[in-house]
Amino acid sequence: MRDPLTGSRSIGTRPVPGWLVGALIGAVGRYLVAVSFTYYEVNWGGLFPRNPGDRGVGLSDLLFSKQVFWLFFLVSAGIGLVVGGLGGAARRPMLGAVIGGGLSGAFCLGLLILPANLAMDLIGGHKDYSMDRSTIAVGLLAMIFVGAFAGGAGAAVGKRRRH
């Protein structure tokens, strides 16, 4: 069978589906954003303030400790699989980017940001979290970007595969 773009013969090879590419990019991207955001928050951020004498948390401790951070990272990667896969299945790059970014942002808002803010209000936290808003906004925008990139890239691969 000949490839219509290059004219070369590819025997037994099948192109990778767009949803698979989007899912893999989404999973890896959201995992990396979750790790870097948590690393920042644990070491320098405002939600988990450190005492002046503390040495902080190393990246290997964060990834391989007995704490439940790894579960948070895997859930984020699982959401990336779904978001990137759905965006990549669109086969239209702009639509895939909108689907991936929109769903990624919606998951962040619905599963993390809004419930955490509600919990802080319920327990009566009197700390001023205004400094943390910019950090949370950067994390949210990073998750939206990763979802949009995964959905758009997967859809572009899927579009190329269709022709």
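The values are calculated or read from the model by the stated rules, or taken from the named source; none is laboratory data. In this text, all values refer to a predicted model and were calculated from it rather than measured experimentally. Reconstructed Cβ throughout: ideal geometry from the backbone, glycine too, with neighbour counts over all protein chains shown.
At-a-glance table
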read-out: Evaluation of Leu63 against (1) at pLDDT below 85; (2) over 20 Å from Leu32 (Cα atoms) (one fails), failing number; value: (2)
read-out: Hits in the stretch 100-118 (condition: among the small types (Gly, Ala, Ser) and over 13 Å from the mean Cα position of the chain (by Cα)); value: Gly110, Ala116
read-out: Verdict on Ala90 being outside any helix (DSSP H, G or I) and modelled with pLDDT of 80 or more; value: yes
read-out: Selection within the stretch 78-99 - within 10 Å of the chain's Cα centre (by Cα) and either surrounded by fewer than 19 Cβ atoms within 10 Å (Cβ to Cβ) or closer than 10 Å to Gly22 by Cβ (or both); value: Gly78, Gly80, Leu81, Val83, Gly84
